[in-house]
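K.L.:
Got a structure for you, questions after.
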Amino acid sequence: MTDAVSSIAKAHVREHTPDQKWESRSRRALEDALTDPPDDAYAGRSVRNTGNLAATFRTLQDILTRNKVQQTLRMTQRHEKKGVKRRRLQSERWRKQFANEVRKKVQLVIKIRNRGA
């Protein structure tokens, strides 16, 4: 027990000056940045090529669809009035909520049918 405490104390004493602390933390931050670089604009839209080009393009298309990239691009091509945008967003929210409720009801019906009713 005392060996563990003394090793922790020695490790703490090793970095006693602010310059040494700065040096070790900077080195650690640089190593972290090199091993795991920060996200950029293409981070969620890049796919590793595994050899099958069709599968790679399909995966990329799935990611772009999920992120609504094409839809956003189409919406930004023309100006949308404030009131029109408000109504569109309200309609989209309502459709999403309605689809979620229908999904929950269908799951409930399936669960009841599986019970034998």
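The values are calculated or read from the model by the stated rules, or taken from the named source; none is laboratory data. The model shown is predicted, which means the values in this text are computed figures rather than measured ones. Cβ atoms come from the backbone with ideal geometry, glycine included; neighbour counts cover every protein chain shown.
K.L.:
So, in the stretch 73-117, how many residues would count as being of a type in the set (S, T, Y) and either over 30 Å from V47 (Cα atoms) or surrounded by 10 or more Cβ atoms within 10 Å (Cβ to Cβ) (or both)? I'd like the intermediate steps shown before the answer.
P.N.:
Taking the stretch 73-117 and keeping what is of a type in the set (S, T, Y), we get 76, 91.
Now restrict to residues that are either over 30 Å from V47 (Cα atoms) or surrounded by 10 or more Cβ atoms within 10 Å (Cβ to Cβ) (or both): 91.
Total satisfying the criteria: 1.
K.L.:
Are any residues in the stretch 50-62 surrounded by 10 or more Cβ atoms within 10 Å (Cβ to Cβ) and either β-branched (V, I, T) or not in a helix (DSSP H, G or I) (or both), and if so, which ones? Give the derivation first.
P.N.:
If we filter the stretch 50-62 for residues that are surrounded by 10 or more Cβ atoms within 10 Å (Cβ to Cβ), which is where we start, we get 52, 55-62.
Result: N52, T56, T59.
K.L.:
Can you pull out every residue in the stretch 1-46 that is over 36 Å from the mean Cα position of the chain (by Cα), hydroxyl-bearing (S, T, Y) and modelled with pLDDT of 75 or more?
P.N.:
Of everything in the stretch 1-46, just one residue is over 36 Å from the mean Cα position of the chain (by Cα), hydroxyl-bearing (S, T, Y) and modelled with pLDDT of 75 or more, namely T17.
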